[in-house]
Amino acid sequence: MKWKSNSFASWPLLFLLALLIVLLHVLTTLRDRPTPLTVGLPGVRVTVGGSTEPTAAAAIPNDKLLGGLLSPDVDEESCLSRYQAMLYRKASTHVLSSYLISKIRKYEALHKKCSPNTPLFQKSVEQLKTNHSTDQLECNYVVWIPLEGIGNRMLTLAATFLYALLTNRVMLIHLSEDMVDLLCEPFPGTTWFLPSNFPIQGLEGHNKHSQNSYGYLVEKNLINTDPKAPPSLLPSSLYVHLGHDIREDHLHARFFCDDDQEVISKINWLLLRADVYTVPGLFTIPKYDEELAQMFPLKETVFHHLGRYLLHPSNTVWGMIMRYHNSYLAKAKERIGIQVRIFSWAPISVENVYEQVVRCTQQELILPGVNLNQSQISPSTSTESITKTVLLVSLYGEVYERLYNLYFAHPTTTGEIISVYQPTHEERQQTEKQFHNYKAMAEIWLLSFSDVFVTSAGSTFGYVSYSLAGVKPWFLQSSKDRNIPNPPCRRGVTIDPCYHGPPNFNCKTRSKGDTGNIVRHVRPCDDFSYAPAVKLFD
């Protein structure tokens, strides 16, 4: 009985001891877990290394710094679009990581230290003249060279900037005559334009056959591809060709391989020319996995964030944008952006394209149907019923004329009044002309103010617009027999652009390989079927 009495008396002590052991275990477990990187934002909270959970926080309207993405250190008068564009778009609900913001702030400091006309830049230029690289420089560079139309250029600028962030390089751009006064300087207190007296001339003449290209040097055994090779055994500059024409060129495709990146990273100056959105290719390089995961917890937001940070129309172009917006679009309650392009690889008549646009927008309830048997509007309908404004952007005027006449001549079945506008119809692309590029840039930004977006599949022009808007588009399906596809359009799955013609190469086997099967978040595009193409998925 004495034993039982003592045992009963000791129960509280045993219970407290057991509770202490459990608490110590829990604390130890929490201590050993990786610390989540919480990235906040309008509408969503995402953790890297922890759980993902929604939050009730609303998007912040009229936030001119875009949640910290933009630096406040740029004079607003020098680039009006930088801090004003957000007034014409809905606030982004796409998660922005604090790590990306910190990377960009560090990059801005590096760019300012290494920009043209600084002593460090001059030192790097002198090293360039020696024809071999060194690890003694504080500043290494990647020079972007323009290729193809404005949509392609915007995509490749963002992709090149991401590469600069990943490799700690300073990005400079070669300013061709047709790009003068097109974009603002994006980095505070400095310039991103390559000086006209840069020692290497004829940059726009580079192509995949250039004798200073990585592919050519590898083919001719003129470059040391040993990842352990010192910089002194490597050239001071290297041309990297990332056009759509390297799909079956395995030598140029080696740019996307880990070992080759080790070699390329030691070369002081890179000259880069591309006409496709190579970002999904960067996500297949294991070397950059961790950095990319921290910068972009949601992978499909790469261009959305980098484009809104980097690309700002000049005051000249912004004036064109604002004059058109204020004249025709300002009173719209809902803005429908429609971008139409006919490609040589998917020929279709303009008449059929018009019918495809009408079927898509009416079947998907983007636009209302019309009463073809009635031509007068109800007397009770007031101007308050004007709820939808269509901005149609196309090289062709006929699609606009017919859509305008449809809603001008007949009342809608819902009573809504639909207004239709088209800023230009150039009939053909004229990238070599500066004013043509001004108008193209203005149209891209006007489209990016859209609440709903419809675009021809495979259009880089459309990619830039809907990704800046942060809106999942409706893709007008490409015609395979000149007839109207059925269904006429499909809803896009993500907001990131598509990479047309990625390399058909497997870095591990050094043989043919499907880029869409290397990593799970890089898969075939949901809009482009003419040729192999991949994009980022979450």
Quiz item: So for segment 172-219, what are the equivalent ellipsoid semi-axes in whole Å, largest first, each being the square root of 5 times an eigenvalue of the Cα gyration tensor?
Solution: 27, 12, 10
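Over all directions, the average projected area of the alpha-carbon convex hull for the chain comes to how many nm²?
Quarter of the Cα hull surface area: 35.9 nm².
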Quiz item: Accessible area per residue of the chain at 1.4 Å probe, in Å²?
Solution: 45
Quiz item: Hey, if you put +1 on the Cβ of every Lys and Arg and -1 on every Asp and Glu Cβ in segment 261-357, which of Ala332, Ile264, Tyr288 ends up farthest toward the positive end of that dipole?
Solution: Ala332
Quiz prompt | Paired Rg and Dmax values of segment 457-538, which use every Cα atom, in angstrom | solution = 14.0, 43
Quiz prompt | FRET efficiency for Lys112 and Asp481, using Cβ-Cβ distance with R0 set to 60 Å, rounded to 0.05 | solution = 0.60
Self-check item: Full-extension gain in nm, His132 to Leu365, via 0.36 nm per residue minus C-alpha separation
Solution: 77.8 nm
Practice problem: Please go through the residue pairs Lys123/Lys266; Lys123/Lys287; Lys90/Lys331 and name each one whose alpha carbons sit more than 19 Å apart in this structure. | Solution: Lys123/Lys287
Quiz prompt | Residue among Pro297, Leu80, Pro485 farthest towards the positive dipole end of the chain, charges placed on Cβ | solution = Pro297
Exercise. Treat every Asp and Glu Cβ in the chain as -1 and every Lys and Arg Cβ as +1, leave all other atoms uncharged, and give the resulting dipole magnitude about the Cα centre to the nearest 20 debye.
Key: 1440
Quiz item: With the dipole of segment 172-265 worked out from charges on the C-beta (+1 for Lys and Arg, -1 for Asp and Glu) around the Cα centre, which of Ser210, Leu175, Pro230 lies farthest toward the positive end?
Solution: Pro230
Exercise. Taking just the C-alpha trace of segment 213-268, give me its Rg and Dmax in Å.
Key: 10.7, 32
Quiz prompt | Cβ crowding within 10 Å averaged over residues, with 392-400, 81-89, 197-205, 328-336 ranked highest first | solution = 392-400, 81-89, 328-336, 197-205
Quiz item: Ignoring ligands, DNA and RNA, what percent of the accessible area of the chain is carbon or sulfur (1.4 Å)?
Solution: 53
Quiz item: Taking each full run of DSSP H in the chain as one helix, which ones are at least 15 Å long along their axis (Cα atoms) and have mean Kyte-Doolittle hydropathy of at least 0.0?
Solution: 2-32, 150-167, 434-447
Self-check item: the chain - mean residue ellipticity at 222 nm from DSSP helices (-39,500 (n - 2.57) per run, n ≥ 4, rounded to 500)
Solution: -10000 deg cm²/dmol
Quiz item: Sequence-distant or interchain residues sharing an amide H contact under 5 Å with Leu183, placed H: which?
Solution: Ser314
Quiz item: Under a no-solvent Debye model with one identical scatterer per Cα of segment 163-278, what's log10 I(q)/I(0) at q = 0.23 Å⁻¹?
Solution: -1.51
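Please state, rounded to one decimal and in Å, the Kirkwood hydrodynamic radius that segment 310-356 gives when every pair of distinct Cα atoms enters the mean of 1/r.
One decimal place: 13.9 Å for the Kirkwood radius.
The values are calculated or read from the model by the stated rules, or taken from the named source; none is laboratory data. Keep in mind that what you see is a predicted model, and the values were worked out from it rather than measured. Ideal geometry is used to build each Cβ from the backbone, glycine not excepted, and the neighbour counts take in all protein chains shown. Just the protein is used for accessible areas: all its heavy atoms, side chains included, with ligands, DNA and RNA removed. Shrake-Rupley method; radii C 1.70, N 1.55, O 1.52, S 1.80 Å.
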